[in-house]
Amino acid sequence: MNKKFFLAIPVAVIVIVALGLAACNKTKTIKPERKAITEAVYASGFLVPKNEYKVFALSDGYIVSKTKEGGDAVKRGEEIYKIQNDASGAKLGASTSAYDLAKLNASDNSPVLLDLKSKIKSAEAKFKNDSLNYVRYKNMFDAQAVTKGQFDQMALAYDISSNDLKSLNENFRRTKDQLQVEMKNAQSVVSASNLDFGNYSIRSVMDGMVYETYKDLGEAVRRTELVAVVGEKGAKLLELSVDQQDIDKVKIGQEVIVKMDVSGSKTYSAKVSKIYPNMNQQDQSFKVEAEFSENYEMNFVHTSVEANIIIAHKDNALIIPKNVIQANDEVEIKSLGINQKVKIKKGLENLEYVEVVEGIKAEDEVVIPKLK
């Protein structure tokens with residue numbers, strides 16, 4: 001009995017092992033495939049007009065004229081709003097009047113200068129007469145025809161008229177220079193008043209389109225308040241946000257595949273045109289701009305977009321699904337005996353597949369891990 005029982009034990013073990021091997025053989029496997037693989041960086045963002053800029057009011061007041069609405073074309077220098085401010089208009093009028101007076105006073109027909117010129121002419125005539133008298137009296141004094149006192153009196157009159165003439169000429173030059181300075185100062189005040197008054201006329205700085213307006217006729221507006229958005233009419237670009245962990249992979253010129261909420265499943269092609277170096281602290285991302293490769297007809301802006309920035313592509317790569325890769329980049333290879341775990345070296349990867357650079361071959365059977 002003991003001998004039979006002893007022999008029965010190995011038979012049972014053999015049966016269990018066999019069943020175990022059979023179970024192993026039923027494990028699901030896949031083989032690596034030779035296919036093209038593309039690696040991309042995900043980005044989200046918005047579609048915006050090219051050279052878009054925000055228009056702010058430069059002065060306080062209220063809207064008295066609105067010539068453009070959202071969607072209207074606009075030319076460089078064309079007015080979008082006019083803001084009324086009576087104080088600014090009065091200041092411009094007063095400064096213009098002051099400038100006109102200063103300009104008149106500095107001209108050749110200046111009443112002030114004409115009066116001085118008239119005085120100079122009188123002084124010149126007196127000086128000429130006193131000069132003649134001085135010479136005549138000197139000759140008479142030399143001939144002892146007049147006394148020294150009479151000669152000294154005439155010499156004094158000559159000196160006084162000479163000094164008066166010099167003083168008047170100096171006063172004329174000084175007054176003329178002063179009037180020129182006053183005219184230039186008045187002109188500067190007018191320029192400043194014009195600039196201030198011009199701030200009440202809000203104009204476009206480019207040819208393009210008014211995409212949005214935020215104020216209507218009669219509404220009050222404050223200085224630095226946003227009143228409109230202007231950009232190029234046809235050209236659009238993408239403003240994308242890229243996670244800081246991926247930004248080092250993004251380069252100028254890389255292809256971008258874009259999908260927009262407003263156009264469903266349709267895709268568009270673009271290229272990375274600019275990478276901003278400053279990180280947004282709120283979402284830990286970097287701003288990237290991309291320009292479309294074709295002139296797509298798009299009449300909408302600020303719509304949300306999703307994009308894949310193509311950072312690498314390889315044809316005929318050896319790839320496996322991501323879900324067969326275990327911890328430490330290991331995969332389980334099916335064997336006749338006990339399955340083996342092999343560490344692989346990864347290449348390109350996307351959401352579903354990974355390129356295998358080293359570790360396994362195309363003929364290997366890779367075990368699909370069971371879900372726990």
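The values are calculated or read from the model by the stated rules, or taken from the named source; none is laboratory data. Keep in mind that this is a model prediction, so the values were computed, not measured. Note: ideal-geometry Cβ built from the backbone for every residue, glycine included; neighbour counts use all protein chains shown.
Out of curiosity, is residue 205 within 22 Å of residue 73 (Cα to Cα), surrounded by 15 or more Cβ atoms within 10 Å (Cβ to Cβ) and either modelled with pLDDT of 90 or more or in contact with a His (Cβ under 9 Å, 6 or more places away or on another chain) (or both)?
Considered against the rule, which asks whether it is within 22 Å of residue 73 (Cα to Cα), surrounded by 15 or more Cβ atoms within 10 Å (Cβ to Cβ) and either modelled with pLDDT of 90 or more or in contact with a His (Cβ under 9 Å, 6 or more places away or on another chain) (or both), residue 205 comes out as no.
Provide a single number: the residues in the stretch 103-125 that are surrounded by fewer than 15 Cβ atoms within 10 Å (Cβ to Cβ), under 60 Å from the mean Cα position of the chain (by Cα) and charged (D, E, K, R).
Selection size over the stretch 103-125: 3.
Per-residue answers, yes or no, for (1) closer than 30 Å to residue 212 by Cα; (2) at pLDDT 85 or above; (3) over 33 Å from the mean Cα position of the chain (by Cα):
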site: 50; (1), (2), (3): yes, yes, no
site: 84; (1), (2), (3): yes, no, no
site: 93; (1), (2), (3): no, no, yes
site: 101; (1), (2), (3): no, no, yes
site: 137; (1), (2), (3): no, yes, yes
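Within the stretch 314-372, which residues are under 44 Å from the mean Cα position of the chain (by Cα) and acidic (Asp, Glu)?
Across the stretch 314-372, the qualifying residues are 315, 349, 352, 355.
Give me the pairs, please: first residue somewhere in the stretch 245-263 and in contact (Cβ under 8 Å) with a residue 60 or more places away in the chain, second residue anywhere and of a type in the set (Ser, Thr, Tyr), beta-carbon distance under 6 Å, and either six or more positions apart or on two chains.
Qualifying pairs under 6 Å: 257/267; 260/303.
Hey, can you tell me all the residues within the stretch 320-372 that are free of Cβ contacts under 8 Å to residues at least 12 places away in the same chain and either surrounded by 12 or more Cβ atoms within 10 Å (Cβ to Cβ) or within 13 Å of residue 31 (Cβ to Cβ) (or both)?
335, 340 - these are the residues of the stretch 320-372 that are free of Cβ contacts under 8 Å to residues at least 12 places away in the same chain and either surrounded by 12 or more Cβ atoms within 10 Å (Cβ to Cβ) or within 13 Å of residue 31 (Cβ to Cβ) (or both).
Looking only at strands (runs of 3 or more DSSP E) that fall completely inside the stretch 257-372, which ones have 3 or more residues that are touching a strand residue (DSSP E or B) at 6+ places or on another chain (Cβ under 6 Å), within 23 Å of residue 38 (Cα to Cα) and not assigned by TED's automatic domain parsing to the domain that holds residue 236?
The strands (runs of 3 or more DSSP E) meeting that bar are 304-321, 345-349, 353-358.
If I ask for residues that are surrounded by 17 or more Cβ atoms within 10 Å (Cβ to Cβ), under 30 Å from residue 116 (Cα atoms) and among the hydroxyl-bearing types (Ser, Thr, Tyr), which ones from the stretch 126-166 would you list?
134, 158, 161
Tell me which of these residue 250 doesn't satisfy, since it passes every other one: (1) surrounded by 14 or more Cβ atoms within 10 Å (Cβ to Cβ); (2) under 21 Å from the mean Cα position of the chain (by Cα); (3) β-branched (Val, Ile, Thr).
It is condition (2) that residue 250 fails.
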